[in-house]
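Peer 1: Below is the structure I would like to discuss, written out as structure tokens.
Laboratory data are not the source of any read-out in this text; all were calculated from the coordinates shown. Keep in mind that what you see is a predicted model, and the values were worked out from it rather than measured. Heads up, the Cβs are rebuilt from the backbone with ideal geometry, glycines too, and the neighbour counts pull from every protein chain shown.
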Amino acid sequence: KRCWGPLEDVVLTALIDQDEFLADEERAQILDAWKVFDKKGENQVNATDLPTIFQALSCNVTQAEIHEYLQFLDPNGEGVVRYADFLQVVARRLQTKETVDQLLKAFKTFDKENRGTIAPEELRHILSTFGEVMDQAEIEEFLAEADLKCPDYRANGEKTGLINYFAFVGLILDIPELETIPPTAT
């Protein structure tokens, strides 16, 4: 994984002790959904119930995400998911969504035309002014990667020179589905 300078703290925060970020209401809602499937009160459920529990929590998850979660939640393939582990996954998912929302909101303030793009000069200004300031070499490396992996395109397929900030947020937070959201074509 790549280290993303001033955004690293945001990414790392989303990875450690996620359940401490949950409000009491969120914890209660998660526990209520869990208890529907934990009929014996053993703090564990059948792994096949995982998609339904996520649905009960209004979390739309793909089969690929379920598979990924089960690699963590049921690494030995026992068919059982424990509540404490599940709580960490749900908390991380909610925290990541909040982080995505915050980053998108920040980028939208620079997006005067509401197109889902930001100029490299504006991103350079952000990286050299806000949060943990990056040095010029880091900024240039960052912008080159953004231009390579997150460009905005015209309807004819040509690059506009702008950065698709939805894809950019997906890239820095390693959320592939965000990387595929195109901004409005010019």
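Peer 1: Got a sec to turn the phi values of region 154-161 into Karplus ³J(HN,Hα) couplings, 6.51 cos²θ - 1.76 cosθ + 1.60 with θ = phi - 60°, whole Hz, x for Gly and Pro?
Peer 2: 6, 4, 7, x, 7, 5, 8, x
Peer 1: Taking every eigenvalue of the Cα gyration tensor of region 123-166, multiplying by 5 and rooting it, what semi-axes result, largest first, whole Å? Mind dumping the intermediate values first?
Peer 2: Numbers: eigenvalues 113, 20, 10 Å².
Value: 24, 10, 7 Å, ordered largest first.
Peer 1: Another one. Based on alpha-carbon atoms only, what is the radius of gyration of region 102-182 relative to the globular estimate 2.2 N^0.38 Å?
Peer 2: Values: Rg = 12.1 Å, N = 81, 2.2 N^0.38 = 11.7 Å.
Rounded to two decimals, the normalised Rg is 1.04.
Peer 1: Let me ask something else. Residues with amide H under 5 Å of THR160's amide H, sequence separation 5 or more or different chain, H placed in the peptide plane at 1.01 Å from N; which?
Peer 2: Distant-sequence amide H within range of THR160: ASP152, TYR153, ARG154.
Peer 1: If I model a spin label at GLU98 and THR160 as a point 7 Å from the Cα along the Cα→Cβ vector, what separation in nanometres do I get?
Peer 2: Inter-label distance under the simple model: 3.2 nm.
Peer 1: Okay, next question. Per-residue HN-Hα couplings for region 96-102, Karplus 6.51 cos²θ - 1.76 cosθ + 1.60 at θ = phi - 60°, whole Hz, x for Gly and Pro?
Peer 2: Computed from phi, the couplings for region 96-102 are 5, 4, 5, 5, 4, 4, 5 Hz.
Peer 1: Could you tell me the calculated FRET efficiency between ASP147 and PHE72, based on Cβ-Cβ distance and R0 = 25 angstrom, to the nearest 0.05? Don't skip to the end; give the middle numbers.
Peer 2: On the way: r = 33 Å, r/R0 = 1.34.
The calculated FRET efficiency here is 0.15.
Peer 1: For a test of the definition: using alpha carbon positions, the gyration tensor, and the 1.5 limit on a/c, classify region 94-143 as rounded, prolate or oblate.
Peer 2: Values: a/c = 2.34, a/b = 1.31, b/c = 1.79.
Here region 94-143 falls in the oblate category.
Peer 1: Given a Förster distance of 30 Å, report the FRET efficiency between THR48 and GLU25 from their Cβ-Cβ distance, rounded to the nearest 0.05. Write out the running numbers ahead of the final one.
Peer 2: Working: r = 28 Å, r/R0 = 0.93.
For THR48 and GLU25, the calculated efficiency is 0.60.
Peer 1: Still on this structure, I have one more. Which of the lysines could a cross-linker bridge to LYS149, judged by Cα under 19 Å and excluding same-chain residues fewer than eight apart?
Peer 2: Partners found: LYS1, LYS159.
Peer 1: Return the sequence-ordered ³J(HN,Hα) values of region 141-153 in whole Hz as given by the Karplus equation 6.51 cos²θ - 1.76 cosθ + 1.60 applied to θ = phi - 60°, using x for Gly and Pro.
Peer 2: 5, 4, 5, 5, 5, 5, 5, 6, 9, 9, x, 9, 10
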